[in-house]
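The values are calculated or read from the model by the stated rules, or taken from the named source; none is laboratory data. Remember, predicted model here, so these are calculated numbers, not experimental data. Backbone-built Cβ (ideal geometry, glycine too); neighbour counts: all protein chains shown. Protein only, heavy atoms only, side chains kept; ligands, DNA and RNA dropped before computing areas. Shrake-Rupley method; radii C 1.70, N 1.55, O 1.52, S 1.80 Å.
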Amino acid sequence: MGRSRRTIPEELLLLALDPATGTTAQPQSLDLGLAGAQLVELALAGRIAPDGDRIAVVLPRPTGDPTLDSALELLRRRGSPVRAVHWIGGPRLGLRQTYLTHLERCGMVHAVSSQMCGMLPTTRYQATETAISREIRTRLDAAIRTGVPPDPRTAALAALAHAVGLGKHLYPGNEGRSCRSRLRDLIRHDPMGGLVAHAVMDVQNGAGAQPRRAAGNGAPGGPAGPAGPGVAPGPVPRQVPEQGRPTVGGMVRAGAR
(Lines give C-alpha, C1' and ligand atoms only; values in the text may rest on other atoms or scores of the structure.)
Protein backbone atom coordinates (compact mmCIF):
# COMPACT_ATOMS: atom_id res chain seq x y z
CA MET A 1 0.00 0.00 0.00
CA GLY A 2 1.50 3.30 -1.00
CA ARG A 3 1.96 5.93 1.67
CA SER A 4 0.77 8.77 -0.56
CA ARG A 5 -2.73 8.16 0.80
CA ARG A 6 -3.57 8.67 4.44
CA THR A 7 -5.30 5.75 6.06
CA ILE A 8 -8.74 6.00 7.65
CA PRO A 9 -7.35 5.48 11.19
CA GLU A 10 -4.98 8.40 10.63
CA GLU A 11 -7.76 10.63 9.32
CA LEU A 12 -10.12 9.68 12.16
CA LEU A 13 -7.44 10.58 14.70
CA LEU A 14 -6.73 13.92 13.02
CA LEU A 15 -10.46 14.71 13.08
CA ALA A 16 -10.56 13.94 16.79
CA LEU A 17 -7.64 16.18 17.76
CA ASP A 18 -8.79 19.30 19.58
CA PRO A 19 -6.54 22.18 18.47
CA ALA A 20 -7.34 24.15 21.62
CA THR A 21 -6.34 21.48 24.14
CA GLY A 22 -4.03 19.16 22.22
CA THR A 23 -6.07 16.15 23.36
CA THR A 24 -8.45 13.88 21.48
CA ALA A 25 -12.20 14.17 21.74
CA GLN A 26 -14.04 11.02 22.87
CA PRO A 27 -10.81 9.20 23.87
CA GLN A 28 -12.45 5.98 25.09
CA SER A 29 -14.74 5.39 22.14
CA LEU A 30 -12.01 6.63 19.78
CA ASP A 31 -9.94 3.56 20.64
CA LEU A 32 -12.80 1.38 19.41
CA GLY A 33 -13.13 3.54 16.32
CA LEU A 34 -9.45 3.15 15.45
CA ALA A 35 -9.75 -0.64 15.64
CA GLY A 36 -12.80 -0.43 13.37
CA ALA A 37 -11.05 1.97 11.01
CA GLN A 38 -8.29 -0.58 10.54
CA LEU A 39 -10.87 -3.11 9.37
CA VAL A 40 -12.29 -0.66 6.83
CA GLU A 41 -8.83 0.20 5.52
CA LEU A 42 -7.95 -3.47 5.15
CA ALA A 43 -11.23 -4.05 3.31
CA LEU A 44 -10.50 -1.16 0.92
CA ALA A 45 -7.08 -2.73 0.32
CA GLY A 46 -8.75 -6.03 -0.62
CA ARG A 47 -7.28 -7.96 2.32
CA ILE A 48 -10.51 -8.72 4.20
CA ALA A 49 -14.21 -8.82 3.35
CA PRO A 50 -17.46 -8.93 5.32
CA ASP A 51 -19.09 -12.32 5.77
CA GLY A 52 -22.45 -11.52 7.33
CA ASP A 53 -21.56 -9.84 10.62
CA ARG A 54 -18.11 -11.41 10.51
CA ILE A 55 -14.81 -10.44 8.95
CA ALA A 56 -12.92 -12.90 6.74
CA VAL A 57 -9.36 -12.64 5.47
CA VAL A 58 -9.37 -13.03 1.69
CA LEU A 59 -5.79 -12.00 0.90
CA PRO A 60 -3.19 -12.33 3.69
CA ARG A 61 -0.48 -10.49 1.75
CA PRO A 62 1.00 -7.56 3.74
CA THR A 63 -0.05 -4.03 2.82
CA GLY A 64 3.25 -2.38 3.69
CA ASP A 65 1.71 -0.50 6.62
CA PRO A 66 3.13 -2.07 9.81
CA THR A 67 0.14 -1.28 12.02
CA LEU A 68 -2.40 -2.55 9.50
CA ASP A 69 -0.28 -5.62 8.80
CA SER A 70 -0.18 -6.44 12.50
CA ALA A 71 -3.99 -6.39 12.58
CA LEU A 72 -4.15 -8.45 9.37
CA GLU A 73 -1.85 -11.09 10.83
CA LEU A 74 -3.93 -11.33 14.01
CA LEU A 75 -7.04 -11.82 11.91
CA ARG A 76 -5.29 -14.48 9.81
CA ARG A 77 -4.26 -16.38 12.93
CA ARG A 78 -7.87 -16.66 14.02
CA GLY A 79 -8.30 -19.26 11.30
CA SER A 80 -11.98 -18.47 10.69
CA PRO A 81 -14.08 -15.33 10.25
CA VAL A 82 -14.42 -13.26 13.42
CA ARG A 83 -17.44 -11.22 14.43
CA ALA A 84 -16.73 -7.53 13.98
CA VAL A 85 -18.15 -6.71 17.41
CA HIS A 86 -15.78 -9.21 19.06
CA TRP A 87 -12.76 -7.92 17.17
CA ILE A 88 -13.45 -4.26 17.91
CA GLY A 89 -14.29 -4.99 21.54
CA GLY A 90 -11.03 -6.89 22.10
CA PRO A 91 -7.97 -5.41 23.84
CA ARG A 92 -6.24 -2.75 21.78
CA LEU A 93 -3.76 -1.39 24.29
CA GLY A 94 -1.70 1.47 22.94
CA LEU A 95 -3.38 1.68 19.53
CA ARG A 96 -4.19 5.40 19.82
CA GLN A 97 -0.67 6.15 21.05
CA THR A 98 0.79 4.09 18.21
CA TYR A 99 -1.03 6.23 15.67
CA LEU A 100 -0.17 9.49 17.45
CA THR A 101 3.51 8.52 17.42
CA HIS A 102 3.22 7.62 13.74
CA LEU A 103 1.61 10.98 12.90
CA GLU A 104 4.37 12.74 14.83
CA ARG A 105 7.03 10.80 12.93
CA CYS A 106 5.36 11.80 9.64
CA GLY A 107 5.36 15.45 10.69
CA MET A 108 1.57 15.76 10.83
CA VAL A 109 1.42 16.46 14.57
CA HIS A 110 3.82 17.96 17.08
CA ALA A 111 4.14 16.54 20.59
CA VAL A 112 4.20 19.04 23.47
CA SER A 113 5.25 17.80 26.90
CA SER A 114 3.48 19.25 29.90
CA GLN A 115 2.32 18.34 33.40
CA MET A 116 -1.15 17.59 34.66
CA CYS A 117 -1.90 19.24 38.03
CA GLY A 118 1.76 20.27 38.10
CA MET A 119 2.83 16.68 38.77
CA LEU A 120 1.88 14.03 36.21
CA PRO A 121 3.85 14.23 32.95
CA THR A 122 1.56 14.30 29.94
CA THR A 123 1.97 14.77 26.20
CA ARG A 124 -0.40 16.83 24.11
CA TYR A 125 -0.47 16.95 20.34
CA GLN A 126 -0.96 19.84 17.95
CA ALA A 127 -1.55 19.40 14.23
CA THR A 128 1.33 20.85 12.24
CA GLU A 129 -0.04 20.13 8.76
CA THR A 130 -3.23 22.13 9.18
CA ALA A 131 -3.89 21.95 5.43
CA ILE A 132 -4.29 18.17 5.76
CA SER A 133 -6.78 18.51 8.62
CA ARG A 134 -8.70 21.13 6.62
CA GLU A 135 -8.83 18.87 3.56
CA ILE A 136 -10.25 16.00 5.62
CA ARG A 137 -12.84 18.28 7.18
CA THR A 138 -13.74 19.80 3.79
CA ARG A 139 -14.45 16.34 2.36
CA LEU A 140 -16.67 15.52 5.31
CA ASP A 141 -18.49 18.85 5.11
CA ALA A 142 -19.11 18.40 1.39
CA ALA A 143 -20.57 14.93 1.93
CA ILE A 144 -22.89 16.30 4.61
CA ARG A 145 -24.01 19.54 2.99
CA THR A 146 -24.19 18.78 -0.74
CA GLY A 147 -26.19 15.57 -0.59
CA VAL A 148 -23.90 14.03 -3.22
CA PRO A 149 -23.08 10.40 -2.32
CA PRO A 150 -19.50 10.36 -1.02
CA ASP A 151 -16.76 7.98 -2.05
CA PRO A 152 -16.44 4.83 0.11
CA ARG A 153 -13.46 6.20 2.03
CA THR A 154 -15.24 9.40 3.05
CA ALA A 155 -18.47 7.53 3.79
CA ALA A 156 -16.61 5.14 6.10
CA LEU A 157 -14.85 8.03 7.83
CA ALA A 158 -18.20 9.73 8.41
CA ALA A 159 -19.74 6.53 9.75
CA LEU A 160 -16.89 6.04 12.21
CA ALA A 161 -16.91 9.69 13.26
CA HIS A 162 -20.59 9.31 14.15
CA ALA A 163 -20.05 5.97 15.88
CA VAL A 164 -17.38 7.29 18.24
CA GLY A 165 -19.33 10.45 19.03
CA LEU A 166 -17.30 13.07 17.16
CA GLY A 167 -20.42 14.79 15.81
CA LYS A 168 -20.70 17.19 18.74
CA HIS A 169 -16.99 17.94 18.48
CA LEU A 170 -17.17 18.68 14.75
CA TYR A 171 -20.64 20.25 14.60
CA PRO A 172 -21.42 21.61 18.08
CA GLY A 173 -24.53 23.24 19.47
CA ASN A 174 -28.06 23.51 18.18
CA GLU A 175 -26.82 24.97 14.91
CA GLY A 176 -24.90 21.75 14.23
CA ARG A 177 -27.85 19.45 14.88
CA SER A 178 -28.80 18.97 11.23
CA CYS A 179 -25.17 18.26 10.29
CA ARG A 180 -24.93 15.66 13.04
CA SER A 181 -28.07 14.01 11.70
CA ARG A 182 -26.66 13.91 8.17
CA LEU A 183 -23.37 12.55 9.51
CA ARG A 184 -25.31 9.63 10.97
CA ASP A 185 -27.17 9.10 7.69
CA LEU A 186 -23.91 8.67 5.76
CA ILE A 187 -23.51 5.24 7.37
CA ARG A 188 -25.71 3.76 4.62
CA HIS A 189 -23.33 4.78 1.81
CA ASP A 190 -20.61 2.22 2.58
CA PRO A 191 -21.58 -1.34 3.64
CA MET A 192 -18.25 -2.13 5.30
CA GLY A 193 -18.12 1.23 7.05
CA GLY A 194 -21.70 0.73 8.20
CA LEU A 195 -20.98 -2.77 9.52
CA VAL A 196 -17.98 -1.55 11.48
CA ALA A 197 -19.71 1.62 12.75
CA HIS A 198 -22.65 -0.40 14.09
CA ALA A 199 -20.20 -2.82 15.72
CA VAL A 200 -18.45 0.11 17.45
CA MET A 201 -21.80 1.37 18.78
CA ASP A 202 -22.80 -2.15 19.84
CA VAL A 203 -19.60 -2.52 21.86
CA GLN A 204 -20.30 0.78 23.60
CA ASN A 205 -23.84 -0.39 24.37
CA GLY A 206 -22.60 -3.69 25.81
CA ALA A 207 -23.39 -6.05 22.93
CA GLY A 208 -20.98 -8.94 22.66
CA ALA A 209 -19.80 -8.54 26.24
CA GLN A 210 -21.65 -11.55 27.63
CA PRO A 211 -22.28 -14.91 25.91
CA ARG A 212 -25.93 -15.89 25.60
CA ARG A 213 -26.93 -18.85 27.74
CA ALA A 214 -29.13 -21.66 26.51
CA ALA A 215 -32.76 -21.29 27.47
CA GLY A 216 -33.94 -23.45 30.34
CA ASN A 217 -30.69 -24.66 31.90
CA GLY A 218 -28.44 -21.59 32.08
CA ALA A 219 -25.54 -23.50 30.56
CA PRO A 220 -23.25 -21.87 28.05
CA GLY A 221 -24.42 -22.40 24.51
CA GLY A 222 -21.15 -23.85 23.27
CA PRO A 223 -17.39 -23.86 23.58
CA ALA A 224 -15.31 -20.80 22.91
CA GLY A 225 -14.08 -20.57 19.35
CA PRO A 226 -11.36 -18.51 17.72
CA ALA A 227 -13.63 -15.51 17.36
CA GLY A 228 -14.86 -15.51 20.96
CA PRO A 229 -17.68 -17.38 22.70
CA GLY A 230 -19.22 -20.20 20.71
CA VAL A 231 -22.69 -18.69 20.85
CA ALA A 232 -23.36 -15.15 19.75
CA PRO A 233 -24.49 -12.71 22.44
CA GLY A 234 -28.20 -12.18 22.89
CA PRO A 235 -29.73 -9.31 21.00
CA VAL A 236 -29.16 -5.99 22.69
CA PRO A 237 -31.28 -3.10 21.47
CA ARG A 238 -28.98 -0.74 19.65
CA GLN A 239 -29.23 2.55 21.43
CA VAL A 240 -28.04 5.11 18.98
CA PRO A 241 -28.02 8.46 20.71
CA GLU A 242 -27.40 11.48 18.62
CA GLN A 243 -23.80 11.04 19.74
CA GLY A 244 -21.82 8.87 22.13
CA ARG A 245 -21.36 9.74 25.78
CA PRO A 246 -18.83 12.56 26.05
CA THR A 247 -15.64 11.84 27.87
CA VAL A 248 -12.85 14.12 28.87
CA GLY A 249 -9.25 13.24 29.21
CA GLY A 250 -5.75 13.94 28.08
CA MET A 251 -3.15 11.43 27.09
CA VAL A 252 -0.12 10.20 28.95
CA ARG A 253 2.70 9.06 26.73
CA ALA A 254 3.44 5.37 27.18
CA GLY A 255 6.12 4.92 29.80
CA ALA A 256 5.59 8.34 31.36
CA ARG A 257 4.31 7.35 34.73
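So what's the range 1-134 giving for Rg/Rh, alpha carbon basis, Kirkwood Rh from the mean inverse pair distance?
Ratio of gyration radius to Kirkwood radius: 1.01.
Cα centroid distance between the range 66-82 and the range 118-147, in Å?
Answer, in whole Å: 29.
Roughly how many Å is it from the Cα centre of the range 186-200 to that of the range 162-176, as a whole number?
18
Find how much the distance from residue 141 to residue 175 grows on full extension, using 0.36 nm per residue of separation minus their present alpha carbon separation; answer in nm with one decimal.
10.8 nm
With charges only on Cβ, +1 for K and R and -1 for D and E, what is the dipole size of the range 101-207 about its Cα centre, in debye, rounded to 20?
220
Put +1 on the Cβ of each Lys and Arg and -1 on the Cβ of each Asp and Glu in the range 80-206; which of 107, 199, 121 then has its Cα farthest toward the positive end of the dipole?
199
If you roll a 1.4 Å probe over the range 27-148 with all protein chains in place, what percent of the accessible area is carbon or sulfur?
56
Which distance in nm do the two modelled labels at residue 104 and residue 59 give, with both placed 7 Å along the Cα-to-Cβ direction?
3.4
Summing +1 for each Lys or Arg and -1 for each Asp or Glu, what net charge is found among the other residues whose Cβ lies under 13 Å from the Cβ of residue 193?
Net charge in that neighbourhood comes out at -2.
Under 5 Å between amide H atoms, partner at least 5 residues away or on a different chain: which partners does residue 51 have, H built in plane at 1.01 Å?
Residues meeting the criterion, in which the H sits 1.01 Å from N, are 56.
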